[in-house]
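> Handing you this structure, nothing more for now.
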Amino acid sequence: MSAIGTIAVVIVSLYLARRDYRKKLEVDYWTSYKIFSGEKISLWSIDLVNIGSVPVKIYEVGLYQKSWLRKRRKKIIFMMPRDFEYESAKLPILLNPQEDATYFIAKNEWITKIKELGINQRKIGLYARDTTGKYYYRKFLLG
């Protein structure tokens, strides 16, 4: 019985020791507006924040189609640097702990692209991918 307790303590201590050194990235978004030549343009602001204690190098940002099976998620649109507004951060970018990067894209153009692809707008989400291939997801509500 004491052997089982000892093994459990070792497993928990190894888990706790490694927990702090995992990559953690928060993907968030909101709608903002830009005034251009007297016209109000709606933008999606995509914010990536490194909430872990190790640096993360972001390589790709885009949209995915959600599925109830995690492995069946499909990338539908990979956003190229030309798709972002000029105020956006560059890709790839190295985010040190507690640093963030914000990307701005024209909301109406992307809603049109999604509709043209015939994708259900309720099944769209945001993702970011780092250089090791790890994906970070965010549920996305179009509106």
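Computed from the coordinates by the stated procedures, all read-outs in this text should not be read as laboratory data. Just so you know, these numbers come straight off a predicted model, no measurement behind them. All Cβ positions, even for glycine, are placed from backbone atoms using ideal geometry, and neighbour counts span all protein chains on display.
> Using mean Cβ contacts within 10 Å as the protection proxy, how do 5-17, 92-104 order, highest first?
Per-residue Cβ counts within 10 Å, averaged per peptide and sorted highest first, yield 92-104, 5-17.
> Would you please give the residues with an amide H less than 5 Å from that of Tyr29, counting only those at least 5 places away or on a separate chain, with H modeled from the backbone geometry?
Hits under the 5 Å cutoff: Asp47.
> Just name one of Ser45, Ser88, Ile58: the one whose Cα is farthest towards the positive end of the charge dipole of the range 22-139 (beta-carbon charges, Lys/Arg +1, Asp/Glu -1).
After comparing all options, I get Ile58.
> What is the angle, in °, between the Cα long axis of helix 2-19 and the longest principal axis of the Cα atoms in the chain? Nearest 10 is fine, range 0 to 90.
Taking Cα atoms only, the helix is inclined about 30 degrees.
> May I pose another question? Based only on Cα atoms, what Rg/Rh ratio does the range 1-41 have, Rh being taken as Kirkwood's radius?
Using Cα coordinates only, the ratio equals 1.64.
> While we're looking at this one, here's another question. What dipole magnitude, in Debye to the nearest 20, does the chain give about its Cα centre under +1 on Lys/Arg Cβ and -1 on Asp/Glu Cβ?
In debye, rounded to 20, the chain gives about 860.
> Order by neighbour count: Arg129, Arg82, fewest other Cβ atoms within 10 Å first, most last.
Arg82, Arg129
> Further, regarding this structure: If N is the number of residues in the chain, what value comes out of its Cα radius of gyration divided by 2.2 N^0.38 Å?
Ratio of Rg to 2.2 N^0.38 Å for the chain: 1.31.
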